[in-house]
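What follows is one structure encoded as structure tokens, with my remarks underneath.
The values are calculated or read from the model by the stated rules, or taken from the named source; none is laboratory data. For clarity, every value in this text was computed on a predicted model and none was experimentally measured. Cβ: placed from backbone, ideal geometry, glycine included. Neighbour counts: every protein chain shown. Quick note on the areas: whole protein, heavy atoms, side chains included, nothing else; ligands and nucleic acids left out. Shrake-Rupley method; radii C 1.70, N 1.55, O 1.52, S 1.80 Å.
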Amino acid sequence: MNRIDQLFSNKPKEILNIYCTAGFPALNDTLTIMETLQQSGVDMIELGMPFSDPLADGPVIQESSTRAIANGMRVSVLFEQLKGFRDRISLPVILMGYMNPVLQFGVENFCQKCAETGVDGIILPDLPMDEFETEYRPIFEKYDLHLIFLVTPETSEARIRKIDAVSTGFVYAVSSSSTTGKDKDMGDQQAYFARLKEMKLKNPVLIGFGIKDKQTFAAACANSNGAIIGSAFVKAIENSTNLQSSIQSFVQGIKG
Amino acid sequence: MDIAVNTSHSKYHVNDKGYYGRFGGAYIPEMLYPNVEELKEQYLQIISEPAFQAEFDQLLTDYVGRPSPLFFAKRLSEKYKAKIYLKREDLNHTGAHKVNNTIGQILLAQRLGKKKIIAETGAGQHGVATATVCALMGLECVVYMGSIDIERQAPNVARMKMLGATVVPATSGSKTLKDATNEAIRHWINHPVDTHYIIGSVVGPHPYPDMVARFQSVVSEEMRKQLLEKTGNANPDYVIACVGGGSNAAGAFFHYLDEEAVKLVAVEAAGKGVNSGFSAATSQLGKMGIIHASKTLLMQTEDGQIVEPHSISAGLDYPGVGPLHAHLYETGRAQFLNATDDEALAAAYELSLLEGIIPALESAHALAKLKDLPLKPEDVVVVCLSGRGDKDLETYIKHLK
């Protein structure tokens, strides 16, 4: 059973998924951060594969990506770092990135490496659902990798149903019409979260974008299975002199 | 105008899935799906409406000053021993072909009920053309421009501001056209309901490449009529145009794509030389990749990071190329040449002295290849003179010394 499915069957609510950019702040921090996240009680890890032109991301994740690339991070380096990580980390791990680096690495090669190292799911926000269905789905299935699609407040009900049908693992509900790390009022989004909940999708739902603290995490969890925090975490560690303690206090601040 | 012509039979135009051969598509995050889908569903229908076409035609005639002349360049013809015509897009209002597209898209935006307009710009020509139509229609306009380009294209920044647009510096990445486009896309993600994004070239997710090509197709439509009148044949032997993203070339080639006897020549910016590390010759240096939501030829690292190009001309300084052009390159339908910064400068001086026309640096790249084509005296050659050189005077003065 895929670790993502296992997680949701054991713990259907208040899932805390933390995003960090691989190779940031320093190239070899990736594993240290993942291990500390696990020790701190996080439920899932989303690792960003840095891209030069991340269209869906706001300034914080853009900046971390630029730094990670300058540090020497690339898809092949990430898979080197992930070799043997399953000896140390049991949490579900998702890779998030943009299509072009994956395309250049080769989709099948990429999926194979994910399976070999122990990655559980992939988020590729600029991969069209149609193309996934016609070209890539069998590859993802072969390697037991979940592909997680996004929905937004502007996504029609019919399309949400379709996305839910094609997604495996969970559905990533973008909290508002925005790039990552924007401060938009969560209060306005409760109706949308509630609408998603009432749709009773086959997949669990995690809410992301704009989740940054205890309050926004709680607001997101009220109508979903949990939430994803990215920019706020990246900000918390970008100038950290002690990664472990920065991470622990950040996670404590969310979970209380 | 023939912007709604049915192209479904053609192997060079976009297919019903939004692809040109293996290039094109819409690699957009879900946040943009409703907007792009709305455009895709409606653009052909809207531009087919007689009322739309009448308004488009009238504005092109009375506001832009079309048709733009097809000028027989006598002294240039003598020099290169062929019959050379210049399609004078430089004489359009705002000084380049860009306005053909912004007129079309602003009319489309109005019909979609959009209240605000965003655009990206490199040299500032598309930004000025967008700010112009926004002023004309009374719509709010935000233009993203790389902070480096803002410095090197100060007159166009001033023009945009005078026209009422807000110019926002793009400070991410390499701070040029690619990043201005990223920032415009991000703005659109954050304002999906009331805003239309006027992309300035035949790039971006489907349907933009086809939509922009259709609005620019007025260039080749006029060329056909004008050539028929002047030479008795609507088809020339050659059409030459510069290519960055490729909108003026798309317009100049559009009605000739299926006329295989017409040789299409696309000229890219070689910068300091194709292999110098400072070039924007995408067809030579790029491979299949995704930029700005379109699958196309792309200058990139082995790891798939997008590479920063170089050209003396800010309008050709783009690491990708429209998917139509990638397809024309791959099928061999168009011949792809490139001109260095120095060749472009020399061609600009030459045209100024031989014909009394100061061309934009972008257009000068197309002129620069007249010397490299195996022209025969009876050959009819049309060069798309996409813009005028006012904006480049500082560069020209600097290199005159």
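The table below lists the values:
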| read-out | value |
| --- | --- |
| Pairs, first at the interface with chain A (Cβ under 8 Å from one of its Cβ atoms) in segment B:295-308, second basic (K, R) and buried (at least 24 other Cβ atoms within 10 Å of the Cβ), C-beta under 9 Å, six or more apart | B:I306/B:K178 |
| Neighbours by Cβ (under 7 Å, 6+ apart or cross-chain): first from segment B:313-335, touching a residue at least 40 places away in the same chain (Cβ under 8 Å); second part of a loop (DSSP other than H, G, I, E, B) and among the aromatic types (F, W, Y) | B:H327/B:Y12; B:L328/B:Y12; B:R333/B:Y12 |
| Where a residue in segment A:1-29 is more than 17 Å from A:M49 (Cβ to Cβ) and its partner, wherever it lies, is of a type in the set (V, I, T) and at pLDDT below 95, with Cβ under 6 Å and at least six apart | none |
| Unique residue being under 17 Å from the mean Cα position of the chain (by Cα), of a type outside the set (G, A, S) and within 14 Å of chain A (Cβ to nearest Cβ) when the list is B:L257, B:L177 | B:L177 |
| Residue match in segment B:135-152 (condition: farther than 19 Å from B:V203 by Cα and buried (at least 24 other Cβ atoms within 10 Å of the Cβ)) | yes |
| Residue in segment A:163-172 that is more than 19 Å from A:P204 (Cβ to Cβ), open to solvent by less than 40 Å² (accessible area, probe 1.4 Å) and away from chain B (no Cβ under 11 Å) present | no |
| Of all residues making up segment B:116-160, the number that are in contact with a strand residue (DSSP E or B) (Cβ under 6 Å, 6 or more places away or on another chain) and among the basic types (K, R) | 1 |
| Close pairs (6 angstrom Cβ cut-off, 6 or more residues apart or separate chains): assigned by TED's automatic domain parsing to the domain that holds B:V262 and assigned to a helix (DSSP H, G or I) in segment B:208-225, small (G, A, S) and open to solvent by 10 Å² or more (accessible area, probe 1.4 Å) anywhere | B:R224/B:A234 |
| Residue that is farthest from the other protein chains (Cβ to nearest Cβ) [pool: residues in segment A:113-125 that are crowded, with 21+ Cβ neighbours inside 10 Å and assigned to a helix (DSSP H, G or I)] | A:C114 |
| Helices (runs of 4 or more DSSP H) lying entirely in segment A:1-72 (those with 3 or more residues that are at pLDDT 95 or above and open to solvent by less than 10 Å² (accessible area, probe 1.4 Å)) | A:30-39, A:59-71 |
| Hits in segment A:186-215 (condition: in a loop (DSSP other than H, G, I, E, B) and more than 14 Å from chain B (Cβ to nearest Cβ)) | A:M199, A:K200, A:L201, A:K202, A:N203, A:P204, A:I211, A:K212, A:D213 |
| From B:K272, B:K263, B:K287, residue being surrounded by fewer than 22 Cβ atoms within 10 Å (Cβ to Cβ) and either hydrophobic (A, V, I, L, M, F, W, C) or within 14 Å of another protein chain (Cβ to nearest Cβ) (or both) | B:K287 |
| Residue, nearest to the other protein chains (Cβ to nearest Cβ), within segment A:130-162, restricted to residues that are open to solvent by 20 Å² or more (accessible area, probe 1.4 Å) and β-branched (V, I, T) | A:T134 |
| Candidates B:E229, B:E183 - the one that is part of a helix (DSSP H, G or I), over 17 Å from B:L108 (Cα atoms) and more than 14 Å from chain A (Cβ to nearest Cβ) | B:E229 |
| Those helices (runs of 4 or more DSSP H) lying entirely in segment B:1-110 with at least 3 residues within 14 Å of another protein chain (Cβ to nearest Cβ) and open to solvent by 30 Å² or more (accessible area, probe 1.4 Å) | B:33-48 |
| Matching residues in segment A:75-112 - criterion: being within 14 Å of another protein chain (Cβ to nearest Cβ), assigned to a helix (DSSP H, G or I) and touching a Phe, Trp or Tyr at 6+ places or on another chain (Cβ under 8 Å) | A:V75, A:S76, A:M99, A:N100, A:P101, A:V102, A:V107 |
